[in-house]
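This report concerns only the one structure given below.
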Amino acid sequence: MFFKERFPHLLCCLIIWSVTPAFGQTISVESSKGLISACVDTYAQFPYLQVFSISGNGLISGISLNTSSGFQLSTQKDSDFSTSLLLDHVSGSVQPTLIYIRSTPRQVAGSLEGTVEILTNGVSPKVVQVSATIETKPILTQISNIEVESGSTVNQINFISQEGTSVYSWENDQPEIGLPESGQGPIPSFNAFNPDTEPKVAKIKYRATSSTLAYIPTSGGVAVV
């Protein structure tokens with residue numbers, strides 16, 4: 001816009017700046033999937049995590065994600081978890097990104113409810129609901145060591161859990177004694193065998209397994225002489 005006064009050699013220029021609001025800013029969040037579960041005093045681990053996908057277009061700032069107490073998030077399924085996360089935009093866009101949610105250690109079993117708040121400038125906040133099931137940690141009763149002679153029969157060994165856990169697994173580091181390398185349930189009866197002249201000791205690691213697959217290993221041994 002120009003103004004010319006009665007003095008022709010004087011010219012005044014008025015420049016008007018116009019700032020146009022940004023339109024079309026969007027954040028897209030896919031429905032979350034998965035169930036968070038863990039034992040008391042432990043972090044939830046993959047695959048027992050909740051996960052959702054997030055993306056953005058036409059943005060003027062990155063996307064900020066913040067969890068409520070008792071939860072953490074990450075773009076990695078097994079590392080870099082924290083209570084907050086910033087997804088930077090590139091030319092206004094955030095490509096579809098998976099967000100993994102885990103529960104943090106709690107001392108009490110039960111259900112845990114929470115949220116993930118999603119923020120960026122110019123867009124109304126979004127909220128994703130999250131929940132977790134925290135179970136009592138399974139603990140196995142220690143089984144005494146066994147010493148037998150080669151050729152003897154070892155009776156079935158039953159596990160006892162203080163929390164009544166119904167699934168057990170075990171590993172044997174010396175299958176030469178006649179017991180397989182691993183198995184589930186009670187250790188079956190087997191005929192002990194030692195091909196050597198010196199006693200052979202097999203270390204048995206056994207675990208109680210909850211529905212969250214949080215293992216509590218305990219060790220025992222079988223010596224074949």
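The values are calculated or read from the model by the stated rules, or taken from the named source; none is laboratory data. Quick caveat: nothing in here was measured; it's all calculated off a predicted structure. Note that we place each Cβ from the backbone using ideal geometry, even for glycine, and neighbour counts take in every protein chain shown. Just the protein is used for accessible areas: all its heavy atoms, side chains included, with ligands, DNA and RNA removed. Shrake-Rupley method; radii C 1.70, N 1.55, O 1.52, S 1.80 Å.
Residues of the range 60-78 that are more than 20 Å from A38 (Cα to Cα) and outside any strand (DSSP E or B): I60, S61, G62.
Within the range 67-100, the residues that satisfy the criterion of being of a type in the set (S, T, Y), farther than 17 Å from N121 by Cα, open to solvent by less than 60 Å² (accessible area, probe 1.4 Å) and out of contact with any Asp or Glu (no Cβ under 7 Å at 6 or more places or on another chain) are T67, S68, T75, S79, S82, T97, Y100. Taken over the range 102-132, the criterion of being within 22 Å of D80 (Cα to Cα), part of a strand (DSSP E or B), open to solvent by 20 Å² or more (accessible area, probe 1.4 Å) and of a type in the set (S, T, Y) is satisfied by T115, S131.
Pick from the range 202-225 the residues that are touching a Gly at 6+ places or on another chain (Cβ under 9 Å) and open to solvent by less than 60 Å² (accessible area, probe 1.4 Å): which of them is modelled with the lowest pLDDT?
That would be V224.
Restricting the range 167-208 to residues that are among the charged types (D, E, K, R) and in contact (Cβ under 8 Å) with a residue 12 or more places away in the chain, the residue that is farthest from N145 (Cα to Cα) is E176.
With respect to the conditions (1) open to solvent by less than 60 Å² (accessible area, probe 1.4 Å); (2) modelled with pLDDT of 90 or more; (3) over 30 Å from L73 (Cα atoms); (4) not in a loop (DSSP other than H, G, I, E, B), S169 lacks only one, and its number is (2).
From the list G34, G58, the one residue that fits, being of a type outside the set (V, I, T) and over 30 Å from I139 (Cα atoms), is G58. Residues in the range 180-201 that are within 34 Å of the chain's Cα centre (by Cα) and crowded, with 20+ Cβ neighbours inside 10 Å: I187 only.
With the requirement that a residue be in a loop (DSSP other than H, G, I, E, B) and surrounded by fewer than 18 Cβ atoms within 10 Å (Cβ to Cβ), what does the range 133-142 give you?
Matches in the range 133-142: T136, I139, T141, Q142.
Just to be sure before I move on: is L65 within 14 Å of the chain's Cα centre (by Cα) and of a type outside the set (D, E) in the structure I sent?
When the stated conditions are applied, L65 does not pass them.
Which of (1) out of contact with any Phe, Trp or Tyr (no Cβ under 7 Å at 6 or more places or on another chain); (2) within 20 Å of P186 (Cα to Cα); (3) of a type in the set (A, V, I, L, M, F, W, C) is the odd one out, the single condition F159 does not satisfy? Failing condition for F159: (1).
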